[in-house]
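Everything below concerns the one structure shown next.
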Amino acid sequence: MSTTTLQIDVNAPIGTISPRLYGQFAEHLGRCCYDGLWVGQNDGVPHQNGLRLDVLRALQQLPVTLLRWPGGCYADHYHWQDGIGKPDQRPRRLGMSCGITVEDDNSFGTHEFLELCRLLGAEPYLAGNVGTGTPQELCDWLEYCNSPFDTTLTRMRRSNGAPEPFRVPLWGVGNENWGCGGNYDAVTYTREYRRYATMLRHVDSTAELVVCGFDDPWNIELFQTLGRHSNLVDHLSIHRYWINGGTEIDFTEGEYYALLAEAEDTEAFVKRTAEILASETDGKHPIGIALDEWGVWHPESRPWGPGEVERRDLSCGYEQAGTQRDAIAAAIAFEGFHRQCNVLSMANLAQIVNVLHAPVMTHGATLWLTPTYYVFQLHKPHIGATALPVHIENGSSLPDGSSAVTATASRAENGLAVTLTNRHYSQSAQARLSTNGSISAAHGQMLAAGSPRDINSADEPERVKLQPLSVRADGDGAIIELPPHSVATVTFTV
Ligand code: AHR
């Protein structure tokens with residue numbers, strides 16, 4: 001077995017890995033919010049004021065740094081005033097997103113979501129309604145949540161149990177308005193955005209505003225239309241789903257690599273978007289790239305959870321198994337997020353519970369964690385740390401000739417952390433880590449599985465989980481053995 005050499009350059013810091021790169025996304029879609037996060041008062045599942053306790057505890061350990069809600073496509077139907085006040089007096093509406101329509105009792109609303117964020121220690125990010133809303137409605141939500149003034153809306157907030165402003169930092173102006181959020185063309189949406197953003201800035205000039213981006217032509221047209229008003233934008237939202245990896249579990253080796261290639265390509269999308277920002281704006285006002293939906297979307301994802309009756313014949317759905325392959329793909333994405341940490345201002349996995357690339361799954365009163373959950377945990381030491389370049393040489397290769405072992409590294413006050421991924425489908429790899437200094441007191445953990453198709457499930461919740469990793473000292477470096485399709489984090493002092 002050849003050894004891959006990984007040289008970490010502590011003298012060339014890339015930038016800070018913002019906690020916002022470890023965000024999550026919760027939509028009123030399928031069983032994400034209802035069932036997954038919220039069981040209300042009358043369910044047999046233990047809860048804290050309606051919030052599902054087992055899910056809460058699992059998410060507290062993730063950690064969840066940032067949470068976007070209520071959509072997604074749902075956001076452009078959502079009227080926030082439906083979700084405040086006494087639960088039994090809240091209106092029942094059609095909950096609509098992505099082809100699924102449900103009866104929505106609005107029991108999980110603004111206060112419940114913000115309480116969840118408080119319990120998780122997550123920054124809240126509210127996505128506003130452009131598709132069926134108005135600038136006034138979104139201004140009112142911002143005033144209700146953030147204003148310190150004594151107004152009818154802030155009195156309502158107080159009487160609903162929140163005497164102090166919530167100070168929600170992030171506000172999205174619509175979602176995918178090129179599609180489900182109104183099928184706008186870029187110029188028409190941008191003019192709408194300009195109006196919304198101008199008014200929102202009057203209500204709370206500290207709120208960070210997120211404009212809906214899309215592909216390169218849309219993004220170019222958006223900033224050309226904004227012209228001298230690009231200072232109304234704080235973040236440009238883009239989404240990236242990986243959809244070309246064949247079936248969710250029974251994929252071929254070729255499909256395994258195809259999915260990983262898509263995950264890898266996410267970084268190129270971020271870089272291209274950064275180039276557009278650099279060329280189309282004057283750069284006086286910083287604009288971050290908000291990858292506020294990312295992850296795997298398998299072709300056979302189901303509308304509802306296991307054992308549920310399919311309520312509609314849908315061409316696509318939102319529940320899928322999370323394999324070890326999906327976890328490897330997430331680790332690859334994080335490598336790119338860290339390299340792009342100077343332009344990427346946030347990233348939100350789609351979605352937090354039960355839906356799509358979820359780290360946490362539930363069925364009835366049972367909960368299990370997907371391999372992707374553990375990949376998030378392996379990356380904990382990088383949160384808020386300084387990203388460092390990793391130079392890779394002489395390793396074992398993938399069929400396309402690229403290195404099987406890749407890595408991301410960061411420096412925090414208490415030492416260095418390196419997360420290594422062996423992307424190879426079937427072969428183990430050996431890696432030798434070194435830095436400009438010498439390495440000592442190394443500690444490691446890894447996520448490995450018998451097969452890249454392995455999943456956790458209600459029947460076998462701990463098939464894939466974190467394991468100790470042995471790290472062998474080797475002169476001024478360290479040697480690590482990585483099983484095929486595995487991810488490992490090594491932390492050490494220098
Ligand atoms: O995450 C599911 C859906 O995917 C979201 O509602 C939408 O924004 C995207 O198309």
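The values are calculated or read from the model by the stated rules, or taken from the named source; none is laboratory data. Quick caveat, the model's predicted, so the values are computed rather than measured. FYI the Cβ positions are ideal-geometry reconstructions off the backbone, even for glycines, and counts take in every protein chain you see.
List of remarks:
- Any hit, region 372-393, residues being under 25 Å from GLY444 (Cα atoms), within 16 Å of the ligand (Cβ to nearest atom) and either more than 20 Å from the chain's Cα centre (by Cα) or in the same structural domain as THR65 (by TED's automatic domain parsing) (or both): yes
- One residue stands out among those in region 179-196 that are more than 24 Å from the chain's Cα centre (by Cα) and among the hydrophobic types (A, V, I, L, M, F, W, C): the one that is surrounded by the fewest Cβ atoms within 10 Å (Cβ to Cβ), which is VAL187.
- Candidate set: region 84-102, residues that are out of contact with any helix residue (DSSP H, G or I) (no Cβ under 7 Å at 6 or more places or on another chain) and modelled with pLDDT under 85; chosen: the one surrounded by the most Cβ atoms within 10 Å (Cβ to Cβ): ILE100
- Test for ALA358: is it of a type in the set (Gly, Ala, Ser) and within 16 Å of the ligand (Cβ to nearest atom): yes
- A search for C-beta distances below 6 Å between a residue of region 1-18 that is farther than 15 Å from ALA387 by Cβ and any residue that is exposed (fewer than 14 other Cβ atoms within 10 Å of the Cβ) and polar (S, T, N, Q), counting only pairs 6+ apart in sequence or on different chains, returns THR5/ASN394.
- Of all the listed residues (LEU222, LEU314, LEU259), the sole one being at pLDDT below 95 and either away from the ligand (no atom under 16 Å from the Cβ) or part of a loop (DSSP other than H, G, I, E, B) (or both) is LEU314.
- Residues satisfying the stated conditions in region 128-150, i.e. in a helix (DSSP H, G or I) and either in contact with a Gly (Cβ under 6 Å, 6 or more places away or on another chain) or aromatic (Phe, Trp, Tyr) (or both): LEU138, TRP141, TYR144
- Looking only at region 12-50, and only at residues there that are out of contact with any helix residue (DSSP H, G or I) (no Cβ under 6 Å at 6 or more places or on another chain) and of a type in the set (D, E, K, R), the one that is farthest from VAL375 (Cα to Cα): ASP43
- Number of positions in region 81-100 that are closer than 18 Å to ASN175 by Cβ and either away from the ligand (no atom under 16 Å from the Cβ) or in contact (Cβ under 8 Å) with a residue 24 or more places away in the chain (or both): 8
- Residue, surrounded by the fewest Cβ atoms within 10 Å (Cβ to Cβ), within region 1-49, restricted to residues that are touching an Asp or Glu at 6+ places or on another chain (Cβ under 9 Å) and more than 22 Å from LEU367 (Cα to Cα): MET1
- Residue satisfying condition, being more than 16 Å from the ligand (Cβ to nearest atom) and in the same structural domain as HIS111 (by TED's automatic domain parsing), within set VAL187, VAL173: VAL187
- Applying the criterion of being within 16 Å of the ligand (Cβ to nearest atom) and among the aromatic types (Phe, Trp, Tyr) to the residues of region 225-256, the residue that is surrounded by the most Cβ atoms within 10 Å (Cβ to Cβ) is TRP242.
- Scanning region 112-146 for residues that are crowded, with 17+ Cβ neighbours inside 10 Å and either without any contact (Cβ under 8 Å) to a residue 24 or more places away in the chain or among the small types (Gly, Ala, Ser) (or both) yields ALA122, ALA127, GLY128, GLY131, GLY133.
- Those residues of region 190-219 which are in a strand (DSSP E or B) and either away from the ligand (no atom under 16 Å from the Cβ) or on the phi > 0 side of the Ramachandran plot (or both), in sequence order: GLU208, LEU209
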